[in-house]
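Quick notes on the structure that follows.
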Amino acid sequence: MGVSGLLALAAFLGAPLSGQTLWTPASDPVGIARAGAGVAFGQSLEAGAINPALLVTLREDGAAYVAAGMELMSSQATLQSNSQVLFSSDRNRFLPAFGAAWKIKDHFYMGLKVDNPFMRHARFESDYTGRFEGQSLELTARRASLQFSYAVTPAFSLGLSVGAARVQYAFSNAVRVPVTADPQAPMSTANPALGLLEVGLTQSGAKTLPSLEAGFRWAINPRWTLAGAWQGPIRGTLGLTAGIDGSKATVTSVTGYGPADAIANAAAPGVQAAATVAPGSGDITLPGRFTLGVRQRVNQIFTWEADLRFVQGGSTRIPGYPVITTSSGTATGSGMPGTYHSGFGLSLAGEMTLTKRLTGRLGFSSDPSLREDPSVEPLLGGSRNAAFSMGLGLKAFGGEISVGWQIRQSQDRDVRRLDGAWNLAGYATTGTQTRVESMGHLWSIGYRRSF
């Protein structure tokens, strides 16, 4: 199959096989082009980022790669009641990667990698009807790990990665609080509500958390390899700070619909000034996974691999909502923490030598849903998804230049708990059906060289 054949196959498969997840399949162009498959792909430094046990299979005494790309994500919510489509912004993130390995002894290698195992981000404007559940989200984990690979026998090796991930989190949602004539006194018959003040609550935090990975590789014979890798969950407690984003504060009537009168508008700044905000729980757990893969080197031209992975989604935890307190009580959001569950995913990859200098790569992956369907919303997402990838490697400048690209899109979901209304009695969902969709792209360009 030539380059034109690979491109034709990509065009044919791209639309029906696209997908978006909380985690990234890889950060380097080779891993992206293989759709994250590679736990058994020996003699590949990039595959060593997935399974450290593979580093000892490298033929050279040392090697390194550097890569840079972008992660692009877009979400949308479509209201059934009026067919209004609301699109997210804040779509792009930088995707750097680095890897290196060097031989200590014939049976022992050390390595270093920098990758981005988790990314999710989106922002909606003030007309988004689901803003009371969540209006913006930023969740990024950038990881650096020291790797060790030991060959027990020529056919069997073990690997370990010990590192740290810098987890950054930011979130906002809209809330409404009563506007009273005296903001220092609680709402009562003597101090009635004149309207509702809507403001945005924000919270953010970052922390460096430990990361642990391990793997094994068993070369059954020169053509078949069985391997597995475990990526431990990243968990800890973020030190969150919270505040009020009053830049787009609005005042509505006590029914929650229509503008308030001049008296309520005049009293609203006093209510906002007297309010206090506290962050929610900073506990966070990003899911671990175990992957078992089999690789066959069919001939000198073509190699394929199939990986089956179990995602420990049931342990996932996202920080709680910020809380605003006024003299009339407290207000917060609800819904995003939701219910998470585990599941199985699959990745397939093929690598073909097209010429002496050119290598073609294709990949497909399918990942399990992370959240129950009633909890799916466009910020964190969580529905089942799939992805299609492709890439090329060109030997040049004493090494190899690689490019990788992936298209991703979640399975559409219709939910009835996203559209909400907030009046003096509080927040409640309307039951209006909303279609939640999400898609995105990954691309990266890198250079690898042996030394």
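The values are calculated or read from the model by the stated rules, or taken from the named source; none is laboratory data. No experiment lies behind these values; they were computed from the predicted model shown. As a convention, Cβ positions derive from the backbone with ideal geometry for all residues, glycine included, and neighbour counts pool all protein chains shown. Note: areas computed on protein heavy atoms with side chains; ligands, DNA, RNA excluded. Shrake-Rupley method; radii C 1.70, N 1.55, O 1.52, S 1.80 Å.
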When residues of region 237-260 are filtered for being touching a Leu at 6+ places or on another chain (Cβ under 8 Å), open to solvent by 70 Å² or more (accessible area, probe 1.4 Å) and within 21 Å of GLN135 (Cβ to Cβ), how many remain?
1
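Each row is one residue, and each column tells you yes or no for (1) under 14 Å from GLN411 (Cα atoms); (2) not hydroxyl-bearing (Ser, Thr, Tyr).
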site	(1), (2)
THR339	no, no
LEU346	no, yes
ASP367	yes, yes
VAL376	yes, yes
ALA386	yes, yes
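Residues that are farther than 22 Å from TRP304 by Cβ: list the strands (runs of 3 or more DSSP E) wholly contained in region 350-444 that include at least 1 such residues. Spell out how you get there, then give the answer.
Details: elements: 358-367, 385-396, 399-410, 413-415, 420-423, 426-429.
In region 350-444, 385-396, 399-410, 413-415, 420-423, 426-429 are the strands (runs of 3 or more DSSP E) which contain 1 or more residues that are farther than 22 Å from TRP304 by Cβ.
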Looking at region 321-362, which of the residues that are over 23 Å from GLY243 (Cα atoms) and of a type in the set (Phe, Trp, Tyr) is farthest from the chain's Cα centre (by Cα)?
PHE344
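Can you list the strands (runs of 3 or more DSSP E) found entirely within region 75-160 that contain at least 2 residues being polar (S, T, N, Q) and in contact with a Pro (Cβ under 6 Å, 6 or more places away or on another chain)?
Because the criterion is at least 2 residues that are polar (S, T, N, Q) and in contact with a Pro (Cβ under 6 Å, 6 or more places away or on another chain), the strands (runs of 3 or more DSSP E) in region 75-160 that meet it are 136-153.
Hey, among GLU400, GLU437, which residue is more than 30 Å from LEU194 (Cβ to Cβ) and either over 24 Å from the mean Cα position of the chain (by Cα) or surrounded by fewer than 17 Cβ atoms within 10 Å (Cβ to Cβ) (or both)? Give the steps one after another, and end with the answer.
Working: GLU437 fails: either over 24 Å from the mean Cα position of the chain (by Cα) or surrounded by fewer than 17 Cβ atoms within 10 Å (Cβ to Cβ) (or both).
Only one candidate qualifies: GLU400.
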Pick out the one residue from PRO178, PRO186 that is modelled with pLDDT under 95 and open to solvent by 10 Å² or more (accessible area, probe 1.4 Å).
PRO186
Of the conditions (1) crowded, with 23+ Cβ neighbours inside 10 Å; (2) more than 23 Å from GLY440 (Cα to Cα), HIS107 satisfies every one except a single condition; which number is it?
(1)
